[in-house]
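Read the structure below first, then the notes.
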Amino acid sequence: KAGVTQTPRYLIKTRGQQVTLSCSPISGHRSVSWYQQTPGQGLQFLFEYFSETQRNKGNFPGRFSGRQFSNSRSEMNVSTLELGDSALYLCASSLGGTTYNEQFFGPGTRLTVL
Amino acid sequence: AQSVTQLDSQVPVFEEAPVELRCNYSSSVSVYLFWYVQYPNQGLQLLLKYLSGSTLVKGINGFEAEFNKSQTSFHLRKPSVHISDTAEYFCAVSDEKAAGNKLTFGGGTRVLVKP
């Protein structure tokens with residue numbers, strides 16, 4: 001079974017631009033979560049999508065948004081990029097549902113904002 | 001709200017020696033507890049988890065952890081480390097009653113195994 005894939009793996013943008021990152025979950029998984037990893041703030045939860053609906057949300061400004069498609073693939077968008085948005089963005093997929101299901105993480109997209 | 005504190009940011013250890021990584025958490029609700037490992041340029045891999053039952057949890061690669069509710073701790077141990085255990089380790093919690101997968105992570109502990 002293929003794992004979680006994230007594209008692109010590396011991205012360089014300049015301040016003020018916007019960016020879209022993509023995450024393809026493991027086949028059959030309906031939940032996709034996004035996390036931001038930085039040296040200063042560590043790993044922080046951005047949001048989770050389940051069956052095309054945002055189910056949980058972290059404490060990030062509205063510049064960070066996401067969506068999920070009917071095939072469970074998810075995208076996150078960051079508008080008006082700031083230097084502080086430079087980070088490794090990780091997505092994780094799970095079966096979903098209301099009881100615990102293990103999350104499987106992708107390798108991440110490393111975003112550099114210049 | 002939950003918070004997780006990993007007491008050591010870096011732990012150097014010699015090969016074949018034991019290692020313990022400390023994790024304390026704070027939460028107003030019951031939580032599930034996790035340890036993840038991150039190798040360079042990779043995502044996170046689940047080492048082990050505590051959901052309920054026995055407080056001693058065994059995971060992959062010879063790791064184990066003990067949940068101590070009174071001390072709100074979930075320390076990770078390995079009796080004998082290998083060079084390949086060099087990585088960053090993250091302790092995490094999630095709300096037991098909440099639907100979904102919102103993990104709150106500690107700051108991470110870098111383990112450097114020396115020959």
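Observations on the model:
- Pick from the stretch B:24-38, criterion within 11 Å of chain A (Cβ to nearest Cβ) and at pLDDT 95 or above, ranking: most open to solvent (accessible area, probe 1.4 Å): B:Gln38
- Scanning the stretch A:27-40 for residues that are surrounded by 18 or more Cβ atoms within 10 Å (Cβ to Cβ) and farther than 15 Å from A:Gly58 by Cα turns up A:His29, A:Ser31.
- Criterion applied to B:Glu96, B:Glu16 was being more than 14 Å from chain A (Cβ to nearest Cβ) and open to solvent by 20 Å² or more (accessible area, probe 1.4 Å), and the one residue passing it is B:Glu16.
- Only residues that are touching a residue at least 24 places away in the same chain (Cβ under 8 Å), in a loop (DSSP other than H, G, I, E, B) and either in contact with a Pro (Cβ under 6 Å, 6 or more places away or on another chain) or more than 25 Å from B:Ser3 (Cα to Cα) (or both) were counted across the stretch A:66-104, and they come to 7.
- Test result for A:Gly106, at pLDDT 95 or above, within 30 Å of B:Thr109 (Cα to Cα) and within 8 Å of chain B (Cβ to nearest Cβ): yes
- In the stretch A:52-65, the residues that are within 10 Å of chain B (Cβ to nearest Cβ) form Cβ pairs under 7 Å with partners that are open to solvent by less than 80 Å² (accessible area, probe 1.4 Å) and outside any strand (DSSP E or B), at six or more places apart or across chains, as follows: A:Arg55/B:Ala99; A:Arg55/B:Gly100; A:Asn56/B:Gly100.
- Any hit, the stretch A:67-90, residues being of a type in the set (S, T, N, Q) and within 11 Å of chain B (Cβ to nearest Cβ): no
- Residue that is nearest to A:Arg73 (Cα to Cα) [pool: residues in the stretch A:32-45 that are modelled with pLDDT of 95 or more and of a type in the set (S, T, N, Q)]: A:Ser33
- In the stretch A:41-65, residue farthest from B:Ser3 (Cα to Cα) [restricted to those that are surrounded by fewer than 22 Cβ atoms within 10 Å (Cβ to Cβ) and among the charged types (D, E, K, R)]: A:Glu52
- Of all residues in the stretch A:6-65, those satisfying the criterion of being within 30 Å of B:Gln10 (Cα to Cα) and not in a strand (DSSP E or B) are A:Arg9, A:Pro39, A:Gly40, A:Gln41, A:Gly58, A:Asn59, A:Phe60.
- Residue list for the stretch B:62-115, restricted to those being more than 16 Å from the chain's Cα centre (by Cα) and acidic (Asp, Glu): B:Asp95, B:Glu96
- Of all residues in the stretch B:59-91, those satisfying the criterion of being within 14 Å of chain A (Cβ to nearest Cβ) and either over 15 Å from B:Leu7 (Cβ atoms) or without any contact (Cβ under 8 Å) to a residue 60 or more places away in the chain (or both) are B:Gly59, B:Ile60, B:Ala87, B:Glu88.
- Residue-level check: of (1) open to solvent by less than 40 Å² (accessible area, probe 1.4 Å); (2) within 11 Å of chain A (Cβ to nearest Cβ); (3) more than 22 Å from A:Val4 (Cβ to Cβ); (4) not charged (D, E, K, R), B:Ser52 misses just (1).
- From B:Leu21, B:Leu7, residue being modelled with pLDDT under 95 and closer than 14 Å to B:Gly107 by Cβ: B:Leu7
The values are calculated or read from the model by the stated rules, or taken from the named source; none is laboratory data. Since this is a predicted model, take the numbers as computed values, not measurements. When we count neighbours, we look across all protein chains shown, and the Cβ atoms used for this are built from the backbone with ideal geometry, even at glycine. For accessibility, only protein heavy atoms count, side chains too; no ligands or nucleic acids. Shrake-Rupley method; radii C 1.70, N 1.55, O 1.52, S 1.80 Å.
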